[in-house]
Amino acid sequence: MATGIVNNEVRVGENEESETSNGIEKLEISNGNDEVSENSSSMQRDEDEGTAEVAKKKKKKNKSKKKKEPLKQTDPPSIPIVELFPSREFPEGEIQQYKDDNLWRTTSEEKRELERLERPKYNAVRQAAEVHRQVRKYIKSILKPGLLMTDLCETLENTVRKLISENGLQAGIAFPTGCSLNWVAAHWTPNSGDKTVLQYDDVMKLDFGTQIDGFIVDCAFTVAFNPIYDPLLEASREATNTGIKEAGIDVRLCDVGAAIQEVMESYEVEINGKVFQVKSIRNLNGHSIGPYQIHAGKSVPIVKGGEQTKMEEGEFFAIETFASTGKGYVREDLECSHYMKNFDVGHIPLRLPRAKQLLATINKNFSTLAFCRRYLDRLGETKYLMALKNLCDAGIVQAIVQL
């Protein structure tokens, strides 16, 4: 395109020169040789100036031909993902190949075409996943003992909001940041005013989610500064990878759980001279995920003997593993920080005006996505605990307690 513009300018210069030559011929007839010579010199200067101007423009065009370097993420991350990928095609994650009875899907033209039709959905998930990956990488780089847990969560969540270009329910955080410590397995995030500090000997499960158009990416990792816990972390990581490899269309959920347990319980951890076998927590599971629905109905066990239900084509699953040196069983306890509006709840009449107002805030900002008290504080809500309890008692909102 730049070359064409330069050529057009050259052609204009040629036309001007032709018109000037005609003018010279007319002057030669009417005004004599001196005037012709003077006009010829003037036109020569104009031609030189025109040539110089064209040369300058060519230089400018050549400079503009240089490709702009692609944007690179800052440290700390601040550039939205959509600006880093202007084509709106986001990176693919790890791809598991079809195997066994599903190999025919790789050669079936019908299935391949159906797969192509799903690309917009996959691209939305990949955008959310890329946000998660970059935030995860940044948070890992700043984690250290002595961090206030509230500061950690707010730093993580504000980074997500920037990178995902938060836009109401179309793009944003999928659920509160879980930063459960030690014997707490899941569903803890600090409420406002909490002064808990991350310690060197803590084992922290950092669980956060992102969403684009309701498509949720649910991912977690474990942090331990003390190397004695490395085998525990490795057991959980390898068990998760095994679960991902075992998952697939028409796979029975119980088979995934059996494979996870076999890998998990092949590890041991030595703590203070005592050896503990790593155990899968039998009453915690992975789960299916639907649009704006973090738990969509199916559970993926992490021990053998689970449901015979099969994974089906088009479903999304979170493969979650929980390793423990204890009894391998959790119970609900301690203060609640997570809440979520029930997905299938219909209209339920409320008597308290404050409860109606709070429900309107929840519908507008979270719909059926999970939230926590800090999120309500951030929206300017105050003195809402009684209204929130009223919504829970009415069955509109579910309190998700610590495990």
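The values are calculated or read from the model by the stated rules, or taken from the named source; none is laboratory data. Predicted model, so just to flag it, every value in this text is computed and none were measured. Here the Cβ positions follow ideal geometry from the backbone for every residue, glycine too, while neighbour counts run over all protein chains shown. Heavy atoms of the whole protein, side chains included, go into the accessibility calculation; ligands, DNA and RNA do not. Shrake-Rupley method; radii C 1.70, N 1.55, O 1.52, S 1.80 Å.
The table that follows gives values for the structure above.
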{"quantity": "Boolean, Asp255 is touching an Asp or Glu at 6+ places or on another chain (Cβ under 8 Å), touching a residue at least 12 places away in the same chain (Cβ under 8 Å) and within 19 Å of Lys99 (Cα to Cα)", "calculated": "no"}
{"quantity": "Helices (runs of 4 or more DSSP H) lying entirely in the range 101-196 (those with 2 or more residues that are in contact (Cβ under 8 Å) with a residue 60 or more places away in the chain and not assigned by the TED database to the domain that holds Tyr375)", "calculated": "119-142, 149-163"}
{"quantity": "Selection within the range 318-338 - under 30 Å from Arg373 (Cα atoms) and open to solvent by 50 Å² or more (accessible area, probe 1.4 Å)", "calculated": "Tyr329, Arg331, Glu332, Asp333, Leu334, Glu335"}
{"quantity": "Selection status of Ala258, modelled with pLDDT of 95 or more, hydrophobic (A, V, I, L, M, F, W, C), out of contact with any Ser or Thr (no Cβ under 8 Å at 6 or more places or on another chain) and farther than 30 Å from Asp201 by Cα", "calculated": "yes"}
{"quantity": "Those residues of the range 261-303 which are open to solvent by 10 Å² or more (accessible area, probe 1.4 Å), farther than 30 Å from Thr368 by Cβ, not β-branched (Val, Ile, Thr) and not in a loop (DSSP other than H, G, I, E, B), in sequence order", "calculated": "Gln261, Glu262, Glu268, Glu270, Lys274, Phe276, Gln277, Lys279"}
{"quantity": "The listed residue being touching a Lys or Arg at 6+ places or on another chain (Cβ under 6 Å), farther than 21 Å from Phe175 by Cα, among the hydrophobic types (A, V, I, L, M, F, W, C) and at pLDDT 95 or above, out of Val278, Val303", "calculated": "Val303"}
{"quantity": "Residue that is modelled with pLDDT of 95 or more and exposed (fewer than 15 other Cβ atoms within 10 Å of the Cβ), where the choices are Ile228, Ile216, Ile212", "calculated": "Ile228"}
{"quantity": "Some residue of the range 150-158 being under 19 Å from Glu83 (Cβ atoms) and within 15 Å of the chain's Cα centre (by Cα)", "calculated": "yes"}
